[in-house]
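Worksheet: the structure to be examined is printed underneath.
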Amino acid sequence: MSSRQARKQVAPPGVTAVTPPLIPLVAQNKTVETILTKKDPGDLSKQVVEVAALLAHGCSVHLWKTIDGKSTIWQESGKLPKGKKITIEKEFSAQNPPRNVSQWARPLKMNGEVLGVLEVSSITSLSEKVRDSLEKFARIAETALNHAGQQRAVQEISAILEATKLLNSTLDLSELLKIVLQLATRLSGADRGTVFLLDRKLNEIWSLVGIGLEEHEIRISVESGIAGWVAFHGHPVRLEDAYADPRFDPTVDCVLGYRTHSLLALPIRNKSEDIVGVLELLNKAEGSFSAADQEFLSCLSDHVALALDNAQLHRELLAKQRMESDLILAHSVQRGLLPKHPPDLEGFDISVAYTPSQMVGGDYYDFMSLSPQKMLTVIADAEGKGVASALMMASVRATLHTLADHERVLEKIVKSMSRIMLGDAQTTKLLSIFFGVLDHRRLGFHYINAGHVPPLVIRQNGVVLELTEGGMVMGVLGNATYKRGYVQFEKGDILVGYTDGITEAMDINGNQYARERLVNTVRREGKASSKHIVETVLADVDRFSQGGPHNDDRVILILKVL
């Protein structure tokens, strides 16, 4: 028998005998050297299987590992039928694993624990020489895999360090989400990904940006899709075939013309363990997402959550600052719409002040000339307070100034004002407003009170008049009628106009400042200037209401007849 014939293995009937190639020792050493210098455990495991297949002359080779307590194929090579599945924990925990003439297997360990099992299956008997070569190679492979595991740990630590630096490089939420996705897709090999943020108020998750597509906002109910399921239940999901899972919603795929195959979705939790979002990755470039991908990205998600928290707080702070800036501007604009100072009329001392409860408010006062001897005085109060009421006041002012330029009769001004308010579809608030026309030569005062708190006329003899003639608040009925009232002023009279923020101001016990205290304060200071009376009233109201539950816009107008 020739040496070539002697090297042939005897195959069972019906099976073609395989002539194994001779593998020079130098070639084996080069292959082993390649393995030892490999850094990626995924590539290394593939090399281990390829070399084992060469040593076993093309037999079927499987590299097993344990995931979640179950044995699974790590890498494989060869077309021969697979051997019986190996239970790593039981069959290979012993020093000498069981042998079979057509099957060889050896556990590969790390720090005393089984890392994997290298298995060779043949249709013929494996020679002692082949077994010996496999045993030697298995020890080398074990060392290499241990080394690669350490290399991967170093790489993961480096990746986390890099990620932490990048995540801390910006407080802009949109930019941060781009960084998160760039990191996650690069480190996992995903084709594209999405960061969903949880909107608890709407019970939705929404995306601000996606990798692999243009910026596009997607909103999904937490009751829909894998990402919604993860946001609701707080558990990660890893799928090899997304369409085989009933939780998967293909709607987004249909809209974007995309096909999802493998999928990994992880909850993002803040330091309080509350879910703030979901990281979803699609279609790993090579194979499916692994348990190692899931574990590594779960570790990374802690840093992502912290960065998201900081970005959200920064975003809210910027929004607050913008709002405050807008309110300061609105406050300045509103002040500019009010008269800079009351008119200077011979025989009268007039002063007025306005203090909104917020930066802007819904109270309003104004003075408009109707003729050389007649002046229209207005005090108004819109329902509510804040920006919406302030905008309404700006509209009221514009309307009144237009009417005052064309109308001279008080009733016509009031009727036109009421009609315009009801015809404005944007106006939904009620308006109480007091119109007074002062004939400063004759000391006559015509007025219409449209649901406003009645101004007071305090006479020197102690009599107090309430100016109540008029009608209902504006903005309710289009056919509302208003009656004109009239007061003949006398020297020494004091007209007190105000909004309900003065008399309805409350102390800590819920008692109102009320009309009586206002009258007493004005009487006590009656000999002083109108400006002094205004300042005294406001200071007295502030002292009274300190710590109280009610705070509203306040206007106080004092007109003294000299």
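Data overview
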item: Amide proton proximity set for residue 75, modelled H, under 5 Å, gap of 5+; result: 63
item: Cα-based shape type of the stretch 494-553, given that a ≥ b ≥ c are square roots of the gyration tensor eigenvalues and the cut on a/c is 1.5; result: prolate
item: Rounded if a/c under 1.5, otherwise prolate or oblate - the stretch 482-523, Cα gyration tensor axes; result: oblate
item: Area projected by the alpha carbon convex hull of the stretch 410-511, averaged over all directions, nm²; result: 8.5 nm²
item: Ranked by how many other beta carbons lie within 10 Å on average, peptides 49-59, 195-205 from highest; result: 49-59, 195-205
item: Among 338-344, 445-451, 504-510, the order from most to least packed when residues are scored by Cβ within 10 Å on average; result: 445-451, 504-510, 338-344
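Every number in this text was worked out from the coordinates using simple rules, so none of it is lab data. Keep in mind that what you see is a predicted model, and the values were worked out from it rather than measured. Here Cβ is always computed from backbone atoms with ideal geometry, including for glycine, and neighbour counts include all displayed protein chains.
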